[in-house]
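J.: I have a structure here, written as structure tokens, and I will follow up with some questions on it.
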Amino acid sequence: MSELLLQGELVAGREFATADSSASLRNDNQRSNDNGNRRSFDSSVAALGTSLRMTASGVDGNADVDDYDQVDEEDGTPFDKLREECGVMAVYNHSDAARLTYWGLYALQHRGQESAGIASADGQQVNDIKGMGLVSEIFTDDVLARLPGHMAIGHTRYSTTGDSALLNAQPISVESTKGLIAIAHNGNLVNLGTAKERLERDGALFQTTSDSEIIIQLIAHSKQSTLVDCIAESLGQVEGAFSIVMMTRNRIFAARDPHGFRPLSMGRIAGVDGEPDTFVFASETCAFDLLHAKYERDVKPGELVMVSEDGVTSRYFDTTTQQASCVFEHVYFSRPDSKVYGRWVQQSREEMGRQLARESGVPADLVVPVPDSGVTAALGYAAESGIPFNLGLIRNHYVGRTFIQPEQRVRDFGVRMKLNPVRNLLEGKRVVLIDDSIIRGTTSRKIVRMVRAAGAKEVHLRISCPPTISPCFYGVDTPSKKDLIAANKSVAEICAFVEADSLAYLSLVGLTHACTKGEPAHGLSPGSFCTACYTGDYPTQWVDVSEILPAVATV
Ligand code: SF4
């Protein structure tokens, strides 16, 4: 059932209730700092410590999803792809900042489909609207009209910590002794226990289970004299992955953790007729294209950027930590039309395919990608090997979360709903099947079976990254180690499990080579990446030890 409110009105026929269902509907989404008459959205949410007040609002929606197996009909496992964490967006100095943020979030939808939100500010008031579902379902013209102002930040989320309730949707807006702050966060903090205990000893009362609240509590409790100092000090105290955008009534902040786990880029829209430029920030540069914004640079690891009427300023809250940016952004998460860590994802992905062909080529008649994420690597494999490429599997893009199942359990039904083989291409062929990962192995087995059932003579599975052997603690939803097939079986055993004629993964050296080939000397290097899910070697100290203990084979 839907939760939440938009200034106490029904929107698009949806039914609303406040985040606390015991509270009545209120038109409290606006906050004003004039006359000392501050109104915060939900009076039922207690003040945070002595200095904070949290807001929560939202609109319900019905998510569509991209993963092949949201629920595996054979074994009941929840999914067979790693899932991206969140996407963030910010706009400074545009008369329709909320709409631009909406467009940006729309382009970032692949980074999270559970909830989305936008907070806007006009120099005096801050409004925020959040909801469950897809960006396009939550933000209609009417809804966007309730988000006036020249600044906005936005968030699209797939939950990685905290539960999936609307209360944890972002941006989170708080009133504090430092003024009003709205925050949107991509990533996971890993020293939550320590920081949270310390804050609670200082009187903080946590209202959500979202780790993003740690950052705003730290800012609120900081003793530094200026807000920018408070933010810098707070960011220096947390460990883990955070690419964040923050907004006050008149400023935008953007920051990345010192390892630079998750991406965050800055762009600019040139002002017309002498008007000042608009500045934008986004998790991926594909969000800039709809806005006609030009990519300017990345927010650097350990950097805090501030945009105000005085222009753009920057400072570093950490300069000593080795960069460890998530390599899986280039393997799978990010869109190939994005520049991530300053490098085109398409370029890396195609090179992964080329390198895979060099490392583990096999005589074959046809290279077939598992759509969509395997396509670019398959093009690289085909170019390098000289084996023709074709779309031997067609994806149905219109499969939603709910569909009517057959009354009797039908083998591999879920995958067959979403992928269908092109029989006349596959019949009698030796096929190289390219995919970006094998997580549990169940979906890969179904796809191999499907290609073989369509008449393929041989099916050789090639994976454009190394075996995934360890869970991620930095904002990616990973199954437990016991459910990662490569943590429990050898490559030969996995090959037998997925029923392929042969199986090969890209080597770790091959992967980092593919993500850095052609980079200038001062650019990305193989050491710039986190590769912990392939090595078990984590860049931070704070990880869940029980998750990295030797796995118990269950498959
Ligand atoms: Fe990315 Fe894997 Fe590192 Fe997580 S553990 S940040 S998915 S490379």
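What follows is calculated from the coordinates using simple rules that are stated; it is not laboratory data. Since this is a predicted model, take the numbers as computed values, not measurements. Cβ sites come from the backbone with ideal geometry, for glycine too, and all protein chains shown count toward neighbours.
J.: Going by how many other Cβ atoms sit within 10 Å of their own, how do VAL368, VAL228 line up, fewest first?
T.: The fewest-first ordering by Cβ neighbours comes to VAL228, VAL368.
J.: Can you pick out the pairs among LYS294/LYS339; LYS429/LYS489; LYS446/LYS489 whose Cα atoms lie more than 23 Å from each other?
T.: The answer is LYS429/LYS489.
J.: Still on this structure, please answer the following. Please work out how much length the chain gains when fully extended from ASP142 to ASP229, using 0.36 nm per residue of separation minus the C-alpha to C-alpha distance, in nm with one decimal.
T.: 27.5 nm
J.: Then there's this: In vacuum, with every alpha carbon of the stretch 486-536 counted as one equal point scatterer, what does the Debye formula give for log10 I(q)/I(0) at q = 0.13, 0.29 Å⁻¹? Two decimals, please.
T.: Each listed q corresponds, in turn, to -0.45, -1.09.
J.: Could you check the simple spin-label distance between SER502 and ASP318, using points 7 Å along Cα→Cβ, in nm with one decimal?
T.: About 4.3 nm separates the two model spin labels.
J.: What shape does the stretch 215-298 take by its C-alpha gyration tensor, where a ≥ b ≥ c are the square roots of the eigenvalues and a/c under 1.5 counts as rounded, a/b above b/c as prolate, and the rest as oblate?
T.: The shape class here is oblate.
J.: What ranking, highest mean first, results for peptides 495-505, 144-154 when packing means the other Cβ atoms within 10 Å averaged over each residue?
T.: Descending mean neighbour count gives 144-154, 495-505.
J.: Where a ≥ b ≥ c are the square roots of the eigenvalues of the C-alpha gyration tensor, would you call the stretch 259-354 rounded, which needs a/c under 1.5, or, failing that, prolate if a/b is larger than b/c, or oblate?
T.: oblate
J.: Now, a different point. So how far apart, in nm, are the two label points at SER480 and GLU275 if each is 7 Å from Cα heading toward Cβ?
T.: 5.5 nm
J.: Under 30 Å Cα to Cα from LYS196, which lysines show up? Leave out anything in the same chain fewer than 8 places away.
T.: The qualifying lysines are LYS130, LYS178, LYS223, LYS300, LYS481, LYS482.
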